[in-house]
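To keep things clear, I will list the structure first and then write my remarks on it.
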Amino acid sequence: MSVANPSFAGFTPEAIQFLADLARNNDRAWFAPRKDDYERLLKTPMEALCMALGERFAARGIPLQADPKRSPFRIYRDTRFSKDKSPYKTNLGATFPWVDAGGGAGEGADAGAHANGGYFSFQPGEMYAGGGMWRPEKPRLDAFRRAIVDDPDRVREAVEDPAFVAWFGEAHTQDSLKRVPTGYPPDHPLAAMFLWKDVIFGRRLADAEVCSPDLPDLLADGYAAALPVFRFIATLR
């Protein structure tokens, strides 16, 4: 069973193996007798990570929210509209929304699956920390494209920030349009960005990093480096 507010000691190789086994046995008959193992190996450590990360964010003035009850995603899949009826996710994720309510025009609490914020995924072979805005609503995507036209230097300043690039590499999109949208100049120096449907970034993590008690500090370092991008996205309205 879950323990209230434990300290984060790192995930374990056993936790990685649990998800690898779940991927091969994704059914209730396998999971039900191992639910206590899931809570001990994955659910409780993820909650502890979020608690520790929230403390780091507060101490360092990083306006992201890491909450042990609200940040982690459930392991149960919503299969109502999916052909894949596998009942469980094979990764464990957590989201850290942008919550700066006073940082500037257009900024404020940012909630929802398509909002501005950070993301952590624990999955065998694909440990990952990243963030940005994934598949934003059209008004926000339009605001991003207007920013490229109206103030390209501000866009570059955010996505080319040296500390950000050193930690995460280049910002990018998961999916692109085929052609520049109508009304935007195809010969613009940043025209490739008009094709973007998201503004995201990420970095793969080693198993040794996610199994370390220093993971909250590592993630806080990364999200601190990403502040120029988070702040830029927060102004897009």
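Among the candidates Asp67, Asp27, Asp36, Asp21, single out the residue that is at pLDDT 95 or above, under 16 Å from Phe122 (Cα atoms), open to solvent by 20 Å² or more (accessible area, probe 1.4 Å) and of a type in the set (D, E, K, R). First the steps, then the outcome.
Numbers: Asp67 fails: under 16 Å from Phe122 (Cα atoms); Asp27 fails: under 16 Å from Phe122 (Cα atoms); Asp36 fails: under 16 Å from Phe122 (Cα atoms).
Of the residues listed, the single one that is at pLDDT 95 or above, under 16 Å from Phe122 (Cα atoms), open to solvent by 20 Å² or more (accessible area, probe 1.4 Å) and of a type in the set (D, E, K, R) is Asp21.
Of the residues Glu157, Glu170, only one is open to solvent by 20 Å² or more (accessible area, probe 1.4 Å) and either of a type in the set (S, T, N, Q) or in contact (Cβ under 8 Å) with a residue 60 or more places away in the chain (or both); which?
Values: Glu170 fails: either of a type in the set (S, T, N, Q) or in contact (Cβ under 8 Å) with a residue 60 or more places away in the chain (or both).
Selected residue: Glu157, the only one of Glu157, Glu170 that is open to solvent by 20 Å² or more (accessible area, probe 1.4 Å) and either of a type in the set (S, T, N, Q) or in contact (Cβ under 8 Å) with a residue 60 or more places away in the chain (or both).
Scan segment 185-195 and give yes if some residue there is in contact with a strand residue (DSSP E or B) (Cβ under 6 Å, 6 or more places away or on another chain) and surrounded by fewer than 20 Cβ atoms within 10 Å (Cβ to Cβ), otherwise no. Spell out the reasoning first.
Here is the first cut: in segment 185-195, the residues in contact with a strand residue (DSSP E or B) (Cβ under 6 Å, 6 or more places away or on another chain) are 195.
Imposing the further condition that a residue be surrounded by fewer than 20 Cβ atoms within 10 Å (Cβ to Cβ) reduces the set to 195.
Yes, that holds for at least one residue.
How many of the residues making up segment 114-141 are of a type in the set (S, T, N, Q) and surrounded by fewer than 21 Cβ atoms within 10 Å (Cβ to Cβ)? Can you show your working first?
Looking only at segment 114-141, we keep the residues that are of a type in the set (S, T, N, Q), and these are 116, 121, 123.
After this cut, where a residue has to be surrounded by fewer than 21 Cβ atoms within 10 Å (Cβ to Cβ) as well, the list is 121, 123.
Residues that pass the stated criteria total 2.
Among the residues of segment 79-93, which ones are closer than 29 Å to Phe230 by Cα, free of Cβ contacts under 8 Å to residues at least 40 places away in the same chain and out of contact with any Phe, Trp or Tyr (no Cβ under 6 Å at 6 or more places or on another chain)? Let's see the steps before the verdict.
We begin by selecting, within segment 79-93, every residue closer than 29 Å to Phe230 by Cα; these are 89-93.
Filter once more, keeping what is free of Cβ contacts under 8 Å to residues at least 40 places away in the same chain: 89, 93.
The one that is closer than 29 Å to Phe230 by Cα, free of Cβ contacts under 8 Å to residues at least 40 places away in the same chain and out of contact with any Phe, Trp or Tyr (no Cβ under 6 Å at 6 or more places or on another chain): Lys89.
Kindly list the number of the only condition in (1) under 30 Å from Asp221 (Cβ atoms); (2) surrounded by fewer than 16 Cβ atoms within 10 Å (Cβ to Cβ); (3) in contact with a helix residue (DSSP H, G or I) (Cβ under 7 Å, 6 or more places away or on another chain) that fails for Pro87.
Failing condition for Pro87: (1).
Every residue in segment 198-211 that is part of a loop (DSSP other than H, G, I, E, B) and open to solvent by less than 30 Å² (accessible area, probe 1.4 Å), please. Steps first, answer last, please.
The first filter runs over segment 198-211 and keeps only residues part of a loop (DSSP other than H, G, I, E, B), leaving 198, 205-206, 211.
Matches in segment 198-211: Asp198, Leu205.
Residues of segment 212-237 being more than 30 Å from Pro13 (Cβ to Cβ) and either open to solvent by 40 Å² or more (accessible area, probe 1.4 Å) or part of a helix (DSSP H, G or I) (or both), which ones?
Selection gives Leu227, Pro228, Val229, Phe230, Arg231, Phe232, Ile233, Ala234, Thr235, Arg237.
Take segment 4-17 and flag every residue that is of a type outside the set (Val, Ile, Thr) and surrounded by fewer than 19 Cβ atoms within 10 Å (Cβ to Cβ).
Hits for segment 4-17 are Ala4, Asn5, Pro6, Ser7, Ala9, Gly10, Pro13, Glu14, Gln17.
Please find, among Ala105, Ala52, the residue that is among the aliphatic types (A, V, I, L, M) and modelled with pLDDT under 95.
Details: Ala52 fails: modelled with pLDDT under 95.
Matching residue, one of Ala105, Ala52: Ala105.
Starting from residues that are within 20 Å of Pro87 (Cα to Cα) and not hydrophobic (A, V, I, L, M, F, W, C), keep the ones in segment 39-51 and report whichever is most open to solvent (accessible area, probe 1.4 Å).
Arg40
The values are calculated or read from the model by the stated rules, or taken from the named source; none is laboratory data. Predicted model only: the values in this text are computed from it and were never measured. Here the Cβ is made from the backbone with ideal geometry for all residues, glycine too, and neighbour counts use every protein chain on show. Note: areas computed on protein heavy atoms with side chains; ligands, DNA, RNA excluded. Shrake-Rupley method; radii C 1.70, N 1.55, O 1.52, S 1.80 Å.
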